[in-house]
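Notes follow the structure.
No value in this document is a laboratory result; all are computed from the given coordinates. From a predicted model like this one, the values you see are computed outputs, not experimental measurements. All Cβ positions, even for glycine, are placed from backbone atoms using ideal geometry, and neighbour counts span all protein chains on display.
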Amino acid sequence: MKICLQDTAYRGATGLMTGTGEPSAAVNMVRKHADSKTVTGSLSGSYGSWDKRRVVADVSAPLTTAGNVRTRVITGYQDGNSWLDRYGKRKKFFTGALDADLTAMTTLSVGYDYQQAHTSSPTWGGVPTWYADGGRTHFDRSFSPAPDWSYSEHKANKVFASLAQRFDNGWLLNATGTHAENRFDSKLMYASGFPDRATGGGVSAFGGWNKGKRKLDSLDMYASGPVTVFERQHTLMLGGSYSKQNNHYINAQSSFSADEVGDYFRWNGRIAEKPWSPWVDYSNDTIRKRSLYGAARITLADPLHAIVGARYTHWRASGTTANSDKSRITPYAGLIYDINDSWSGYASYTSIFQPQSVRNIDKRYIDPATGNSYETGLKGDWLNGRLTASVALFYTRQDNVAVRTSEYIPGTDEMAWRAANDTVSKGVEFELNGKLTDDWLMTVGGSRFMAQAGDHTAINPWMPRTTLKLFTRYRLPILPALTLGGGVNWQNSTWQDVAGPQGAARIHQGSYALVDLFGRYQVTQRLAVQANVNNLFDKENFDYLGAYAVYGAPRSVSVAVNYDF
C-alpha cells in the first residue's frame, strides 16, 4: 500500500504544511472553483427542529462556447430559532467565482465572498453551576441568561485571486492573494453570581457593547514540480508568504445589580437596557507574518520515501494589546516504509511554532506556542481498499500552550486564556474502515491521550481524554434507493477546577454517548431526500464545564431535499 503524500488531511503537527505547526490534525481547505464546461449545479433545502430553515443554490456555467471562461455562483439563506429561549439567528451568504484559461497552461481565478449574520438574544456565559449554599443547580436546557435586547451582527467580505502557470516539465507556479474585511457589532449581558436556593436572588450582571473590524491582506506564492536525481523521481516545493492583519475593537459597558435582575429562577430576559459608558479602545493591533519555506518528497528506494522541509517564519504583533516579535525555523522530517502490499509504517518529527489569537485576563495576546512533536504509526489496506486500518502513537512537548480559564476579559465577551509551559501531550489513536458487503459500510475509531503541564497539573481537563466512535451505513438490497445509517460518539468523564460560591470547587461530568441516525432516499437519479436525528436519546450533557455551564443540544430532527442538474 502506498501512502499519498498530497492528501487533503494531515494528522500530527503541521509545521511543514502550514509553516506554524500545531500538534493536531490539519485540513487542506481548497476553494470552490468554476471548473465545469457545461451548465451544472444543485438546489437544496432543509427544515428542522426549532424552525431551522436553509436553502442553497450552487450553479456553474461556461461563459464562452469553448468553455475556457467559466463562472460559479453559490448563494443561500438560513434562519431559525434554538432550544434556548429567545434565541434566533439568520444568515445569508454569496460566493462568486470566475475561472479563465488564459492559455492551455495558464489559469486565472478570481472570486468574491459575502456573509451577513444576525443573532437575537445570544448568550454570553452559561447558567450557574451551584446555588449560593454550594449545592448543584439544575436549570432547564432552554434557560437563557440573555436579555431580550441583546444581539450580535457579523458582516464579512472577501476578494481573492490566484494565477496558476503549468509547464511542460511538470512544474507548477502558483500565486494567491486575498483581501478580507470582517465587521462585528454585539450587545451582550453576562450574569454573575450564585442564586439563593429559596429566593433566586444574588445574581448580578454587566453588559458589554462591542464593535470591531478585522482586515486581512495575504499573498502566497510557491513553485512545485518533479526532479530526477540518481535515476529516481522526487518532488520539490519552494515558496513564500506574507500576511497582515489588523484588529480594531471598541467597547462600552453597563452594570445591573442583583435587585435589578431579581429572582433568577423567574428570569425571562425582560430587563431595561441601561445607559452605556463612553466608547473606549480595548484592542487595536496589527499582526504581520512573513514566511519562506521549502520541502522535498524523496524516493530513497522502492519501498522507502522521505519528506523533509523547513519554514522560516517571522511573526510580529504590535499595538495596544500586543507587542511581540518572534522568528523561528520549523524543520520537518518524515519517513514512510512500504512493508508489503498491505502494510506501511511511518515516523515523523516536526518543530512547532504556532502564533495564537487568544488573550489573557490583561488583554495581552499569548506568545506563540513552541515545541516539538513526534509521531509513528502503521496503516493497512486489504481487499483492494475494502478494509483499511491505521494506528498512531504521538508525543508532543510545548511551551506557551493556551489554556482556557473560566473568566472573561473585563468588559468584553472574550474568554480569557493563560499560558502553560513545559506541557506534554502523548497518546494513541486508531481507525478501522470496512466494506462488509457491497451495501454495508462501517467505521470504528478511537483515541486516548494525556496532557499535563510542567507542574503536573492537567491541561484543559474539560476536554475528553478518551473518545470512541462507531458509524455504519446500510443500503437495503430489496430497496436500493434507501440507505439507512447511524453512529455513536462516546467520551469519558471530564472535570474542571473553578471558583465556586464556597471557594475552590471542582465541576465534574460523567462519561456519555450521543447517538445519531439518518435515512436517505434517492427518489430519482437527480433528486434525493434525507432525514437526520441528532442526539436520538435526548442525552443531557454539557458543552462547557465551569462555574457557569453551557448545555449541549437536545434531540433534534431535520429533513433535507437535494436536486442535482
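Using just its DSSP H runs of length 4 or more, each adding -39500 (n - 2.57), the chain gives a mean residue ellipticity at 222 nm of 0 deg cm²/dmol after division by all residues. Positive end of the dipole of the chain (Cβ unit charges, origin at the Cα centre): among L84, T494, S204, the Cα lying farthest that way belongs to L84. Given R0 = 41 Å, the distance between the Cβ atoms of D51 and Y337 translates into a calculated FRET efficiency of 0.15. What the phi angles of the range 75-89 give under the Karplus curve with 6.51, -1.76 and 1.60, with θ = phi - 60°, is a coupling list of 9, x, 8, 9, 8, x, 9, 8, 5, 7, 4, 6, 6, x, 9 Hz, glycine and proline written as x. Assuming charge only on the beta carbon of Lys and Arg (+1) and of Asp and Glu (-1), the dipole of the chain about its Cα centre is about 740 debye to the nearest 20. The value of relative contact order for the chain, using C-alpha pairs under 8 Å at least six residues apart, is 10 percent. Taking every C-alpha pair closer than 8 Å and separated by at least 6 residues, the mean separation divided by the residue count of the range 405-468 gives a relative contact order of 27 percent. Counting charges near D85 (Lys, Arg +1; Asp, Glu -1) among other residues having Cβ under 13 Å from its Cβ returns a value of +2.
Among A322, T376, F353, flag the residue with its Cα farthest along the positive direction of the charge dipole of the range 284-382, charges on Cβ as +1 for Lys/Arg and -1 for Asp/Glu. Result: A322.
Structure shown: which of K89/K155; K32/K89; K187/K274 lie over 20 Å apart, alpha-carbon to alpha-carbon? Correct reply: K32/K89. Applying 1/(1 + (r/R0)^6) with R0 = 35 Å to the Cβ-Cβ distance of A66 and N174, what FRET efficiency is obtained, to the nearest 0.05? Taking R0 as 35 Å, the efficiency between A66 and N174 is 0.90.
Among all stretches of the chain without exposed trypsin sites (Lys or Arg not before Pro) (DSSP loop, at most 12 other Cβ atoms within 10 Å), which one is longest?
Details: sites that count: K2, K32, R270, R526.
Longest stretch, sites excluded: 271-525.
Once you reduce the range 349-389 and the range 36-73 to the center of their Cα atoms, the two points are 35 Å from each other.
Which one, V533, V523, G552, is farthest towards the positive end of the dipole of the range 519-565 when Lys and Arg carry +1 and Asp and Glu -1 on their Cβ? Checked the options; the winner is V523.
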